[in-house]
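Here is the structure we will look at.
Where a number appears in this text, it was derived from the coordinates with a stated rule and is not lab data. Every value quoted in this text rests on a predicted model; they were computed, and no experiment measured them. Cβ placement follows ideal geometry from the backbone for every residue including glycine, while neighbour counts extend to all protein chains displayed.
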Amino acid sequence: MWQMVGRRETGRLPPHKFRALLQKTRLYSIELAGHKEIASAHKSGVNSLQIDATEARYLLSGAADGSVAVYDIEQATAYDHSTRTSKHEALFMVDKRVLNGHLYSVSCVHWYPIDTGIFVTGSFDNFVNVWDTNTTQVELQFNMSKKVYSLSMSTLATTHMLIATGTDDTRIRLCDIASGAFTHTLSGHRDSVWVVQWSTRSEWVLVSGGCDGAIRFWDIRRAGCYQILDQQCSQIGRRPPVLKKSSRTHGREDNLCTKYLNASSPIRQRGQKRSFGISAVDSRTAHYGSVAGLQMTADGLHMISAGTDSRLRLWDVESGCNTLVNYPSTYIRGNKGIQMAVTPDSSLVFTPSLNAILVYDVWSGHSYSSLRGHYDQVNCCAFHPQGQELYTGSNDRKILVWAPRRPIDIDNFDYEDAEQAIKADEDAWSD
Amino acid sequence: MSIWNYVVTAHKPTNVTHSCVGNFTGAQELNLIIAKCTRIEIHLLTPQGLQPMLDVPIYGRISTLELFKPQGEAQDFLFILTERYKFCVLQWDAEAGELVTRAMGDVSDRIGRPTDNGQIGIIDPDCRLIGLHLYDGLFKVIPIDSKGQLKEAFNIRLEELQVLDIKFLYGCSKPTIAVLFQDNRDARHVKTYEVLLKEKDFADGPWVQNNLDNGAGLLIPVPLPLGGVIIIGEQTIVYYNGFVFKAISIQPAITRAYGRVDADGSRYLLSDLTGMLHLLVITHEKDRVTGLKVERLGETSAASTISYLDNAVVYVGSSYGDSQLIKLNLQPDSKGSYVEVLESFVNLGPIVDFCVVDLERQGQGQVVTCSGAFKDGTLRIVRNGIGINEQASAELPGIKGMWSLRASSKDVYDTFLVVTFISETRILAINAEDELEETEIEGFDSDAQTLFCQNVLHDQLIQVTASSLRLVDAISRRQLNEWRAPPGLSINVAAASSSQVLLATGGGHLVYIEIGQRELIEVKHVKLEYEISCLDINPVGEDPDRSYLAVVGMWTDITARIFSLPNLELLTKHSLGGEIIPRSVLFCTFEGIPYLLCALGDGHLFNFILDVNTGQLSDRKKVSLGTQPITLRTFRSKNATHVFAASDRPTVIYSSNRKLLYSNVNLKEVNYMCPFNSASFPDSLAIGKEGELTIGTIDDIQKLHIRTVPLNEHARRIAHQEATRTFAICSAKYIPTVEDMETHFVRLLDDQTFENIASFQLDAYENGCSIISCSFTDDNNVYYCVGTGYAIPEESEPNKGRILVFLVEDGKLQLVAEKETKGAVYNLNAFNGKLLAAINHKIHLYKWTLRDDGTRELQSECGHHGHILALFVQSRGDFIVMGDLMKSISLLIYKPEEGAIEECARDYNANWMSAVEILDDDIYLGAENSFNLFTVRKNSDAATDEERSKLEVVGEYHLGEFVNRFRHGSLVMRLPDSETSQIPTVIFGTVNGVIGVIASLPQEQYMFLHKLQQNLVKVIKGVGGLSHEQWRSFSNERKTVDAKNFLDGDLIESFLDLSRSRMEEISTAMSVPVEELCKRVEELTRLH
């Protein structure tokens, strides 16, 4: 650490790299935070968590009892001096007692990307609610007529305010907050859609994963989906041969494991689709079971998917290739989606797996650790980029905070005494 | 201090990051172009050496500097890419002598992860495209069409994640890149791709080379006829072109820079981190490569860039030491080195620490920096203004004037020093014992005050007194002739050239006399309407002995009049305005341009450009040099003429880049000055102060004066102790033979000689992390306290350290007390007679207690924890301002009654800090990791607890420099009556060797300057069309916002360099007169 500071001082280590290296080292030491505690306001399992994108200060949580709560994760509501833990109680909690509040389990929560004045929740009671944070009232409701599994708003969007929803229906519907109406219906999945996520690269691109095992890419400016990921397609980095220039374009279409529908010329491509036969392309799967989780990296070049086949897969988004990175020993089962989290530098992915959260290196699949602390199945994770903290919600109703390891303080006032105490302790054990 | 801050550079960046050679300014001219992070310098290669042509700031930190020559162009174009994703292509306009922007643009992507290994910018050797690697996973292409125009950029997906280097290969029909990358298993490979411009994609390239040296970090493309690429590793060097593979092993070294020697690419210069220069030779038979050879040439500064110029002359640009111009000799010298250093260019970077001291106790701060790294570590003493090194002095009250005379016109040196008093004239000469001794010149009138004397033609001397003008033979020293003033009138002022004398007597009479052999001829006599206050006939034309112009300053109408000689016809009359009479006028030539300088009785100075033929004056400028009357005198130093303005604030006026510059002399008050170049005191000046005559030499004429103390080890921390007149430094000595092994010392240096008086060696792995000089309650001694940390290689965080308390006794470092800590002591502060230490993530307060046996020890009193890493701590009263590694600034307070430290407020932004300073009770300054500055304010009057617990961000600014340290202090002498002396300043030092000043301005002045800055931005366009507003906007990973409450002093002060017409443009826009603007900006230049 001192050496790194020294190397930054002399300019040998560029400051941005210093930052990246340090963040990485700190991440690898992530563990249950002893200094921070979220007092969960929920009476049943926590299904969804999100930290707001504007200030990275407010944590939104949704639970199976239909309650939604907001916590301030910067400023503690109480501080326990003896254990040196700061306690964060919910700023407010809304449930079915509120007018139009959710009756059944809240499956997904989402902050409005521009500010924290609005948040959106989806529930098994078929409704998507748009809340005003300040009045804690439902401002707008969308009746999806099926259980809502997932919803997403684009953090990039400047021209639209659409909530994409994945429900027990095969169709994905986009709800417009501005007008209160459905603007799009995207059909293609052949089973319920457990996860939807907007691309982190383009405000028009939506990704969805369904129980049919398919991951579909949609460009909402065009009809139909333009890409279906195929787990068998793994020729990443394969480039057309150098000399055979004439056969190049042709070769690409032959090698259509990825793009069966080129976004730039949809009409021509649709003709081709017919010639290939719809079923061949349409039946491609990304996982053998349901797709339970999707998480794009911050730069939008890669995506990690989780399936109920207990597999995590890393996809190269542009080519649509499965990179075949092996993430060992995950266990993912269930009847709803999970929320994974990827660090902003795309180095680590956090995946809920039974009672633990597994930490993998994104690129090598190396398993760094398994974060254990919950007493029941973990449903969701949210990563705090600046504080480098991970928040996880589980069926045990708890929200736990995981943070880089802090040096242990033995004492504050009297080193010697503490040391002696430890020595005495050691002596006692060695006997 | 206030929230309105003015940031200005006192010392420009000197860290050379890039350089290139090409025909930039003309098809036949060879140029060396150097990038110093935020500046570029263009030099011309001449047989005499490097000739500077241009030095301009760039609104960005340069990450790529490349020359390229599109087809059909005679001259090279310059491509510059900045770290904030702006690029520009510059071309030289030879007629206007300035840079022209051919193209510019922004290559940032909205989404993308910036590459860890830095930006890469390369240009295809056949100029078909520019390739950029800015974000992980993407390769950006800017196509260049056949006419040399840039086309719209596009991205190509590059699957390789950890890219280390990319280069274009030579001689490929399609543009082809070689990519050096590291895979997930940390193995390194090189892969090639063809860039398909039409398809906007890559195609697999001709070859792949897997599993290279694990330290491979640099690719060198080899030009035709050989082609292929050289891959430089830490232990091997490999050549590969798809068919031929050659490898050699080398001594382990980390190569950072290379330079191509021959156009055919058969020889390269390589420089490693230790500064060892090697020659790499590709042996070949015609086009077939047969092998590689490496030869050791010798040692230079550790290079960051190497440019081979011509005729075995090489420019070595360095980030850690002085940049050098070297010559490679064919034969080794006695030490076996082929390297001969022709010239060194001072580099202050990286400034890791510094302190501000007043060594000469004159009220002027000097900065002593810990500069350089590794073997190039030095201390640099940086001082504003020009120093006089006193060589002799004598008590001599009441001096009224001084002149030096040569014994004969053939003499090289001056012999006599004529010193005049109110009613006598004394002549001093150097005797055989090198002492000044009084002597006599028989022909001189020694019982009267001398008004003027000088050596003139025909080996004669003249002396002017109130009553007469005497002509004296220089050899016999007898009077030859005399011209007497008309009865009733006395001579008031006089001036002479070698053959002419101009006198003014009372009543406004002006008399022109020519000097012949043994005779004085009164040529012309005119009577003016007012009294004459001053005059000058210093020759400015081609003839050094004869002047054709005379200038006369007048009482009553306050004018400067120019007369022709010999007929004394009035050519120009220039009214100076105001009520203060001119007290000294002077003709002089700087860099071939004739000027008229005219000094007033209130310390103001006018300068004009003079037309030698017509006597017309133009380009009037007014500056204030002091408050007392000024006497102007010319002198020569290092073959250039300068003007000494003697007053209460002595100043040297000189010219650089055709601009007059004013540099103050480090003397309190000077009444008279004359050059005195004697055999025993060569190139000296005689200076008459109040009651004293001093003879001394003058420093090089430049604004900042830098003295270097080489240490040959890396100084990391420095502190000064007034009581013992010593410096103490924490330094690290690298032993190059053992890898990464360093020994750390605490060294004591004398503050005058900088000699190492004593050293204290620290334990193995123990690093000196902080040092201060302080004293404790109930103890009169002043101690040096040193905080250390044990940096064990396997541990990420030091978990052991010490605080060592030293007493300087008889020039020795006496260890008085030591206290073990549970981590590295990153920072120490004297805190109300106690010691405040920042140890890893905690802050600890120690008190100095007396043990029963009379010895002293540090005892922990209280602490504060909960930080990530408490790197920077400053204190003021009971307040502690702490800069965290990654959690911005927190304000803590020590509560003595409770014996506890508590947090009062913090800034909730996640800024990664690099330095903090307290500006005043409420405002704190911070520098952060992405080269930004910001200020925060304590809201003690806020209504709610929440607001009180928040430090409000009040100022934000992008400095573009990585600040390592802030210190209160000033580089300039503070005159009590000057306006600028009321402005508090903070000095900062950066990695690039910049010394800057942050001044807190009153609101009114800030508003005024802010308006000026806004107008200047419209007039002064950034090089390459880069936007000033964008450059100065606060920007880090999370946000980009416009600069606020900070002013760019460099931009504002460039107002003074503008042409008159553009000044007027701004003056009209601001509706403030030009004079007023100049005055206010000039006042600011006094801050540094």
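Give the separation of the Cα centroids, segment B:431-503 to segment A:288-362, in Å.
Cα centres, segment B:431-503 to segment A:288-362: 98 Å.
Quick check: convex hull over the Cα atoms of the protein assembly as shown, volume per residue in Å³, rounded to an integer?
217 Å³
Quick check: the angle from helix B:1003-1019's long axis to the longest principal axis of chain B, C-alpha only, nearest 10 degrees?
Here the helix axis deviates by roughly 80 degrees.
How far is helix B:1074-1085 tilted off the main Cα axis of chain B, in degrees rounded to 10, range 0 to 90?
Orientation of helix B:1074-1085: about 60 degrees from the principal axis.
Mind putting a number on the dipole of the protein assembly as shown about its Cα centre? Charges go on the C-beta only, +1 for Lys and Arg and -1 for Asp and Glu, and I need it in Debye to the nearest 20.
5980 debye
Net charge within 13 Å of B:C534 by Cβ-Cβ distance, Lys/Arg positive one each and Asp/Glu negative one each, not counting B:C534 itself?
Surrounding charge for B:C534 is +1.
Compute the relative contact order of segment B:500-619 as a whole-number percentage, counting only Cα pairs closer than 8 Å that sit 6 or more residues apart in sequence.
Across segment B:500-619, relative contact order equals 17 percent.
What are the residues whose amide H is under 5 Å from the amide H of B:A942, where those residues sit 5 or more places off or on another chain and H is modelled from the backbone?
Correct list: empty.
Report Rg (one decimal) and Dmax (nearest whole number) for segment B:965-1088, counting Cα atoms only, units Å.
For segment B:965-1088, the Cα radius of gyration and maximum Cα-Cα distance read 15.5, 46 Å.
How do B:L836, A:L22 line up, fewest other C-beta atoms within 10 Å first?
In increasing order of surrounding Cβ atoms, one gets A:L22, B:L836.
Helix B:1060-1070 versus the longest principal axis of chain B: what angle, 0 to 90°, nearest 10, using Cα atoms?
So the helix axis and the longest Cα principal axis differ by about 70 degrees.
What percent does the relative contact order of chain B come to when contacts are Cα pairs within less than 8 Å and at least six residues apart?
9 percent
List, in order, the whole-Hz ³J(HN,Hα) value for each residue of segment B:31-48 obtained from phi through the Karplus relation with A = 6.51, B = -1.76, C = 1.60 and θ = phi - 60°; use x for Gly and Pro.
10, 10, 10, 10, 10, 10, 6, 10, 9, 10, 10, 10, 10, 10, 7, 10, x, 7
Which pairs, out of A:K43/A:K398; A:K17/B:K842; B:K573/B:K622; B:K400/B:K689, put more than 19 Å between their alpha-carbon atoms?
Among A:K43/A:K398; A:K17/B:K842; B:K573/B:K622; B:K400/B:K689, the Cα-Cα distance tops 19 Å for A:K17/B:K842.
Go through B:K335/B:K375; B:K12/B:K1039; B:K191/B:K286 and tell me which ones have a Cα-Cα distance over 20 Å in this structure.
Long pairs (Cα-Cα over 20 Å): B:K12/B:K1039; B:K191/B:K286.
Please rank A:D309, B:D55, fewest neighbouring Cβ atoms within 10 Å first, as an exposure proxy.
B:D55, A:D309
Which one, B:I609, B:S547, B:L138, projects farthest toward the positive side of the charge dipole computed for chain B from Cβ point charges (K/R +1, D/E -1)?
Going by the Cα projections, it comes out as B:L138.
How do B:W207, A:W198 rank when sorted from fewest to most other Cβ atoms within 10 Å of their own Cβ?
B:W207, A:W198
Consider all pairwise Cα distances in segment A:63-170 and report the whole-number % of them above 17 Å.
56 percent
Checking the cross-link filter: which lysines have an alpha carbon closer than 22 Å to that of B:K69, excluding same-chain neighbours under 8 positions apart?
Candidates past the 8-residue exclusion: B:K86, B:K140, B:K147, B:K151, B:K167, B:K174.
What residues qualify as long-range amide H neighbours of B:L309, i.e. H under 5 Å apart, gap of 5 or more or another chain, H built at 1.01 Å from N?
When sequence neighbours closer than 5 places are left aside, the close amide H contacts are B:V314, B:Y315.
Straight-line reach from A:K146: which aspartates and glutamates have Cα under 14 Å away, leaving out those fewer than 8 places along the same chain?
Cα-Cα hits under 14 Å: A:D125, A:D168, A:D169, A:D191.
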